[in-house]
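Note sheet for the following structure.
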Amino acid sequence: MSSVVPMPAAQRRFGSNSGQPMTRRDGVLKVTGAATYAADNHPDGMLYAVTADATIARGRVVGLNVAAAKAHPGVVEVLTPANRPALAMDPDAKPHMFAFRTEVLQDETVRYAGQPIALVVAETLEAASEGARLLAPRYEAETPRLGFDGVESFEPEAVGVGSPPTTVKGDVEAGLAGAARTVEARFETPPQYHNAMEPHAIVAAWDGDRLTLDTPNQALVMSTAAFGAWFGVPAENVTIRSPFLGGGFGSKAIIFGAQVLTILAAKMLDRPVKYVLRRDQMFGPVGHRGATRQDFRIGLDDAGRLTALEHVTTSSTSSFENFLEPASNASHNLYATPALAARHSGVRWDVGTPGPMRAPGEASGSAALESAIDEAAFAAGLDPLEFRLRNYAEEDPASGKPFSAKALRECYAEGARRFGWADRPLAPRQMTDGAGRLVGWGMGTALFHAPMFQAKARAVLKADGTAVVETAGVDMGQGAWTALAQLAADGVGLDIDAVEFRSGHSGLPDGGIAGGSGHTATAGGALHAAGRDAIARLTELAVADERSPLFGAGNVGVEARDGRLHRADDPSRSESYGEILARAGLDAIEGTGQGARDPASAGDYAMFSHGAVFAEVKVDPELGQIRVSRLVGAFAAGRIVNPRLASSQLYGGMVWGLGFALEEEAVHDRRSGRIMNADLAGYHVPVNADVAEMDVILVDEVDPHVNPLGIKGVGEIGITGTVGAIANAVFHATGIRVRRFPILPADLL
Ligand code: MOS
């Protein structure tokens, strides 16, 4: 991988901390093992919980040998539907937008393989595991419902976490009827499972009616209310400590049943209890990306311009929830067309409920869309980049709004230049390497929305010239400990080393959710604003005090940097924070801030990060083996707070895109409904050997509308575009169009 991180020109003026390619401030803690993850906590007297999980996908549990489990040395308690004490909340209740029906042993019904059917608590992990095994469940099993055909289907009220299931603009049928040529294609993507490096874990401890949880969680303050609701205690009685997460990807934004049962066991037994998922248990109860079947109808005029674009997705969900992958939404915002239709429907499978998984909707939707667009370019006889430029959306196709900023043309140009795209032969199967392998070049457009959520922060400037700045933010591994601290330091006008940055604890001001690629903008915006608020209060003290060199500077303004306030018109007239506070007789001064969209422009613009990904693959013509030999991604995402970490996020997203294109797939046994490859040996994700040369280009973009700091997200966009780019490169290498992911060697033989 390329390790050189260029710093775009626009970032150099950003501030003394933000814009700098700082290394991770938590990096040494992590690589030395000093960082404490949830499962590393061992409070005194702690017990271990293990769930017994259904080995059928549909039916009923008709027998559990609870006596055998209880008789095992060290087993303290066995919770089943027969004895599980009442909870204060209805398992079907939805206290927040990421809450799904929670499996808390409410009955004997089995709805998916891997569903917890009992919880065994013991003095040791070994005893709990053996107790769970001794339960030896007996079942009445029914045939599991899987696949797209012959299962119950439904029209959803919403997809994703609340977006409308249907978007229609213009007349698609007329656009297709009047087209010079049309393209129709069906794509399929498989179920995928998040598989964060750190499996979900929880250590629950009660002290009277106060609950402390060590558990990785992407939305700390929001989750305190949800956990509290299960036990009838207010949110402020619940503390969540989540300083480090080994990945989340959306799966740690949900609350899953075994977490609630662990807390319940801790309450019943009046001892702390720990529960940690095994790797195989990650495949079922903690969310996944549903499978999709996606149908396109595309109309083109003589010049290769779209006359209609229709994208219809059917995706899988569980038998008891409605979350649907919003894949067709990927067609909303990319290509100019007079007629656009995006629709969704669902099919019910006997699986755990899917949920948001890194780039929900856009990942699978753009995999199909970018492949379909490549097919359209080929049908039009145009270079895929030229085709995309002819269909460039100057305004948002779905809403008609202007973009808050869109440097996609620059992404295309810079990515193509770095890749050498201009030398690409138009026809497939034209290039080989020296070893007789077929070589192909493909591209895809990347896009992800740029949301703002709600976050709060507090900044305390101290007389000794340091500051404490805090929010309940979440570092899933994306670098929040560093990027958020950079924004916090710039807010208070101090070097980052003079700032104590506090995060990862629900007792701090609500940092919102780390998800949707909106955390840096939202929590970072709150931190920066809190610092600015403290500086504003300090400024009021100085400009009103005739002993200050800043006296009377209220109209010309002051600038805060390096721990001093400077007159804007004469920076040599300055005073340190400490001097100002000391003269006012104060030890500290406090500010608060919020992260949110600027209300003035909130509804007026379509707001997205954009990018272009270029891929080279080499295909063995006899074995069908596909190697990705080069990936170049150019991305425009507003102001980049930390180019090193942003690049790292984008590399990671592109690697995930490679896995999506060629490797990832959960395979169900159709008879049992169990996932046959529920481990990291069988569920393939890219390893170093799968990834050849990669380049990330950060394209300059100033977005004056997206939020006060002009920051967009980079967490999810890297997957989008990459999958299609690789699939299109496979077509260009071989002339074979594979419309089912992952693309496997057998597909090319
Ligand atoms: Mo993400 S799927 O919003 O953690």
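Of all the numbered requirements in (1) outside the structural domain of K712 (by TED's automatic domain parsing); (2) more than 30 Å from N707 (Cβ to Cβ); (3) hydroxyl-bearing (S, T, Y), S364 misses one, and that requirement is (2).
Yes/no per residue for (1) within 24 Å of L119 (Cβ to Cβ); (2) touching a Lys or Arg at 6+ places or on another chain (Cβ under 8 Å):
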position	(1), (2)
L213	yes, yes
V233	yes, yes
K252	yes, no
T262	yes, yes
D270	yes, no
F283	yes, no
A291	no, no
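Every residue, every condition in (1) within 26 Å of M694 (Cβ to Cβ); (2) touching a strand residue (DSSP E or B) at 6+ places or on another chain (Cβ under 7 Å), yes or no:
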| position | (1), (2) |
| --- | --- |
| E370 | yes, yes |
| D383 | yes, no |
| N391 | no, yes |
| P402 | no, yes |
| A405 | yes, yes |
| Y412 | yes, yes |
| G415 | yes, yes |
| D423 | yes, no |
| L426 | yes, no |
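Note on the range 348-369: among residues that are of a type in the set (A, V, I, L, M) and under 16 Å from the mean Cα position of the chain (by Cα), the one that is nearest to G516 (Cα to Cα) is A359. Across the range 347-361, what is the total count of residues that are within 10 Å of the ligand (Cβ to nearest atom) and either in a helix (DSSP H, G or I) or of a type in the set (D, E) (or both)? Residues meeting the conditions: 0.
On inspection, G436 qualifies as out of contact with any strand residue (DSSP E or B) (no Cβ under 9 Å at 6 or more places or on another chain) and either touching a residue at least 24 places away in the same chain (Cβ under 8 Å) or aromatic (F, W, Y) (or both).
Every residue, every condition in (1) of a type in the set (G, A, S); (2) assigned by TED's automatic domain parsing to the domain that holds G516; (3) touching a Pro at 6+ places or on another chain (Cβ under 6 Å); (4) within 16 Å of the ligand (Cβ to nearest atom), yes or no:
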{"residue": "S163", "(1), (2), (3), (4)": "yes, no, yes, yes"}
{"residue": "G170", "(1), (2), (3), (4)": "yes, no, yes, no"}
{"residue": "R186", "(1), (2), (3), (4)": "no, no, no, no"}
{"residue": "Q192", "(1), (2), (3), (4)": "no, no, no, yes"}
{"residue": "A196", "(1), (2), (3), (4)": "yes, no, no, yes"}
{"residue": "G208", "(1), (2), (3), (4)": "yes, no, no, no"}
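Counting only strands (runs of 3 or more DSSP E) that fall entirely inside the range 542-653 and contain at least 3 residues that are aliphatic (A, V, I, L, M), the qualifying elements are 608-619, 626-636.
Tally time: how many residues in the range 205-256 are of a type in the set (V, I, T) and part of a strand (DSSP E or B)?
Total satisfying the criteria: 4.
Considering V696, V738, the condition of being assigned by TED's automatic domain parsing to the domain that holds A427, touching a Leu at 6+ places or on another chain (Cβ under 9 Å), closer than 16 Å to Q625 by Cβ and more than 16 Å from the ligand (Cβ to nearest atom) is satisfied by V738 alone. Going by what's in this entry, would D490 be described as away from the ligand (no atom under 16 Å from the Cβ) and surrounded by fewer than 23 Cβ atoms within 10 Å (Cβ to Cβ)? Answer is no for this residue. Scanning the range 688-706 for residues that are over 20 Å from the mean Cα position of the chain (by Cα) and in a loop (DSSP other than H, G, I, E, B) turns up V699, D700, E701, V702, D703, P704, H705. Among the residues making up the range 141-162, those that are more than 19 Å from G355 (Cβ to Cβ) and surrounded by 13 or more Cβ atoms within 10 Å (Cβ to Cβ) are A141, E142, T143, P144, R145, G147, F148, V151. Candidates are the residues of the range 92-121 that are free of Cβ contacts under 8 Å to residues at least 60 places away in the same chain and under 23 Å from I254 (Cβ atoms); the one that is surrounded by the fewest Cβ atoms within 10 Å (Cβ to Cβ) is D107.
Before we move on, is R343 outside any loop (DSSP other than H, G, I, E, B), modelled with pLDDT of 95 or more and either in contact with a strand residue (DSSP E or B) (Cβ under 8 Å, 6 or more places away or on another chain) or within 16 Å of the ligand (Cβ to nearest atom) (or both)? Considered against the rule, which asks whether it is outside any loop (DSSP other than H, G, I, E, B), modelled with pLDDT of 95 or more and either in contact with a strand residue (DSSP E or B) (Cβ under 8 Å, 6 or more places away or on another chain) or within 16 Å of the ligand (Cβ to nearest atom) (or both), R343 comes out as yes.
Considering A584, A568, A553, A536, the condition of being aliphatic (A, V, I, L, M) and either in contact with a Ser or Thr (Cβ under 9 Å, 6 or more places away or on another chain) or within 16 Å of the ligand (Cβ to nearest atom) (or both) is satisfied by A553 alone.
Of all the criteria given as (1) of a type in the set (V, I, T); (2) away from the ligand (no atom under 16 Å from the Cβ); (3) surrounded by 21 or more Cβ atoms within 10 Å (Cβ to Cβ), the one not satisfied by T520 is (2).
Taking the conditions exactly as written (out of contact with any Lys or Arg (no Cβ under 6 Å at 6 or more places or on another chain), crowded, with 22+ Cβ neighbours inside 10 Å and aliphatic (A, V, I, L, M)), does L645 satisfy them or not? So L645 passes the test.
The residues on offer are G440, G434, and the sole one that is more than 30 Å from T592 (Cα to Cα), more than 16 Å from the ligand (Cβ to nearest atom) and at pLDDT below 95 is G434.
Within the range 509-536, the set of residues being out of contact with any Pro (no Cβ under 6 Å at 6 or more places or on another chain), outside any helix (DSSP H, G or I) and closer than 20 Å to A359 by Cβ comprises G512, I513, A514, G515, S517. For the range 227-253, the set of residues classified as away from the ligand (no atom under 16 Å from the Cβ) and surrounded by 23 or more Cβ atoms within 10 Å (Cβ to Cβ) consists of F227, W230, V238, I240, listed by residue number.
Taking the range 47-73 only, how many residues are under 20 Å from A265 (Cα atoms) and surrounded by fewer than 17 Cβ atoms within 10 Å (Cβ to Cβ)? Here the count works out to 6. A225 meets the stated requirement of being among the aliphatic types (A, V, I, L, M), touching a residue at least 40 places away in the same chain (Cβ under 8 Å) and farther than 20 Å from G352 by Cα. Taking the condition in a helix (DSSP H, G or I), within 16 Å of the ligand (Cβ to nearest atom) and either at pLDDT 95 or above or not aliphatic (A, V, I, L, M) (or both), does S366 pass? In short, yes. Residues that are farther than 30 Å from S609 by Cα and out of contact with any helix residue (DSSP H, G or I) (no Cβ under 6 Å at 6 or more places or on another chain) occur in the range 285-299; there is at least one.
The values are calculated or read from the model by the stated rules, or taken from the named source; none is laboratory data. As the structure is a prediction and not an experimental result, all values here were calculated from the model. In this analysis, Cβ positions are derived from the backbone assuming ideal geometry, glycine residues included, and neighbour counts consider all displayed protein chains.
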